[in-house]
Amino acid sequence: ALEKLQTWLLPKTDGFFQAPSGHRLHVRAVLPPNDPQAVGVKAVVLYCHGMNSHVNGKAWAGSLYPQIAAEGFAVIALDIHGHGYSEGTRSLVDDWETVFDDWEAFAEALMGVADPAPSEEG
């Protein structure tokens with residue numbers, strides 16, 4: 001059973017965002033294949049998964065994100081707290097405002113509006 005799960009999930013990346021909620025949130029980024037510095041991207045697509053989900057399944061992270069990136073878009077996906085490779089109690093969201101605040105801070109950090117807090121890799 002573990003082998004099937006490992007073939008369904010992509011491993012975690014080195015990307016993490018230290019959110020205002022105090023959680024380290026896992027980030028997955030897929031850039032256009034011929035633009036590794038993301039200099040000429042058309043736009044950035046932010047992907048937010050639903051409840052009891054995550055951004056690491058091969059169906060979307062291994063297929064959908066690369067298809068979007070191949071069209072010239074950067075795809076940035078964030079595991080909310082308690083989901084995927086992010087910190088927090090598994091699948092528990094006791095306050096959606098916390099999720100919204102984390103996402104707002106993440107988007108602002110991406111746009112350069114706010115400096116992201118440093119986060120240890122791991």
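The values are calculated or read from the model by the stated rules, or taken from the named source; none is laboratory data. None of the values given here were measured: they were computed from a predicted structure. Glycine gets a Cβ as well: all are built from the backbone with ideal geometry, and neighbour counts include every protein chain shown.
Assorted remarks:
- Residues that are small (Gly, Ala, Ser), farther than 30 Å from residue 92 by Cβ and buried (at least 17 other Cβ atoms within 10 Å of the Cβ), drawn from the stretch 45-73: 69
- Residues satisfying the stated conditions in the stretch 32-60, i.e. within 13 Å of the chain's Cα centre (by Cα) and closer than 24 Å to residue 101 by Cα: 44, 45, 46, 47, 48, 49, 50, 53, 54, 55, 56
- Residues of the stretch 2-44 satisfying the condition of being buried (at least 16 other Cβ atoms within 10 Å of the Cβ), in a loop (DSSP other than H, G, I, E, B) and modelled with pLDDT of 90 or more: 15, 19, 21, 23, 31, 32, 41
- The lone criterion from (1) in a loop (DSSP other than H, G, I, E, B); (2) aromatic (Phe, Trp, Tyr); (3) modelled with pLDDT of 95 or more left unmet by residue 85 is number (3).
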